[in-house]
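Working notes for the structure below.
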Amino acid sequence: YIHVQEGGMAHVYRVALAGVESWIAVTNGERACLLQDVRAGDILFAAADFNHPPDLYTISINAEDERRLTRLNTTLLAQIALPTVEHLLFRSSDGALIEGWMLKPSFGAAPYPTILYIHGGPHSGFGHTFSFDFQMLTGAGYAVLIVNQRGSTGYGDDFANAILGDWGNLDYADLMAGVDDAVAQGLADADRLGVCGLSGGGNLSCWTVGQTRRFKAAVPENPLTNWRSFYGVSDIGVWFSFNELGGHPHEIPDTYARCSPITYAHTCTTPTLLIQGEQDWRCPSEQSE
């Protein structure tokens, strides 16, 4: 029993370890279900969605008799004006189908001031799970646009590997296509856009403000800005850089430069606030400095 990401959802699957290849989804629905334990014919899992923090559930190993065990935040959630969520599907610059979501504040009217919030990894994904950041921003009157751009997991190996050796190309195009789609639908205000993200999302936030002036402010957090120095200062620098870019710095210096946001920093006119955790060894403070 494992949990598997499918687009913006995660579910518990039963997978055969021997014999004929087979698998079956044990949980379902627009939510993220994370396996906790399997015992005596029952599966314990935690489940969350955009507007509900995780609670515990059980279900039989035959995917029957799901039972909710906890309601930890019912009283709190009743006091909060929760956002509404709109599912987005749109085409990127090369015709690829990209998935995203718009969390709309409970007050105000469209088109909303909108924050493009970029996920990290980059091999991870956004979707049907709870985020304190999203709730904070929508509670302040912003819409939050999230996109599973190229490099994201949950859409197959080709999709996740499309950015290898080419960070800042298709992933950036996907994000801008998401912004264009939200603007075209009248959801996002083209004159009131911000961008932010952590780690890999910080990388793409820094990249974005070096490529366009359409955003009024940017807040990269713990970013990767300089591949060449990242190779030496990050706890995963040597192997991660090699795997993501296709070689070592002395072998492909042009790729290291081309894929580094710092290469384009001189073109940035967007007010940008860099936030950095001093104990982050993955994307160390040197990258923000």
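The values are calculated or read from the model by the stated rules, or taken from the named source; none is laboratory data. Just so it is clear, the model here is predicted, and its values are computed rather than measured. In this analysis, Cβ positions are derived from the backbone assuming ideal geometry, glycine residues included, and neighbour counts consider all displayed protein chains. The accessibility values were calculated without ligands, DNA or RNA, using every heavy atom of the protein model including side chains. Shrake-Rupley method; radii C 1.70, N 1.55, O 1.52, S 1.80 Å.
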- Task: Go through (1) free of Cβ contacts under 8 Å to residues at least 24 places away in the same chain; (2) of a type outside the set (Phe, Trp, Tyr); (3) part of a helix (DSSP H, G or I); (4) over 27 Å from His11 (Cα atoms) one by one and return the number of the condition Ala109 breaks.
- Result: (3)
- Item | Checking Ser93 against (1) at pLDDT 95 or above; (2) outside any loop (DSSP other than H, G, I, E, B), the condition it does not meet | (2)
- Message: Please verify whether Ala81 is assigned to a loop (DSSP other than H, G, I, E, B), under 30 Å from Val147 (Cβ atoms) and without any contact (Cβ under 8 Å) to a residue 60 or more places away in the chain, treating the condition exactly as stated.
- Response: yes
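Tell me, which residue of the range 1-40 that is of a type in the set (Ser, Thr, Tyr) and farther than 15 Å from Tyr57 by Cβ is farthest from the chain's Cα centre (by Cα)?
Only one residue fits best here, namely Ser22.
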- Of the listed residues (Arg91, Arg39, Arg68, Arg14), the one being of a type in the set (Lys, Arg) and without any contact (Cβ under 8 Å) to a residue 12 or more places away in the chain is Arg39
- Of all residues in the range 20-57, which are assigned to a loop (DSSP other than H, G, I, E, B), open to solvent by less than 80 Å² (accessible area, probe 1.4 Å), over 22 Å from Phe132 (Cα atoms) and not hydroxyl-bearing (Ser, Thr, Tyr)? Val26, Gly41
- Note on the structure: Turns out the strands (runs of 3 or more DSSP E) fully within the range 123-228 with at least 3 residues that are touching a Cys at 6+ places or on another chain (Cβ under 9 Å) and open to solvent by 30 Å² or more (accessible area, probe 1.4 Å) are 217-221
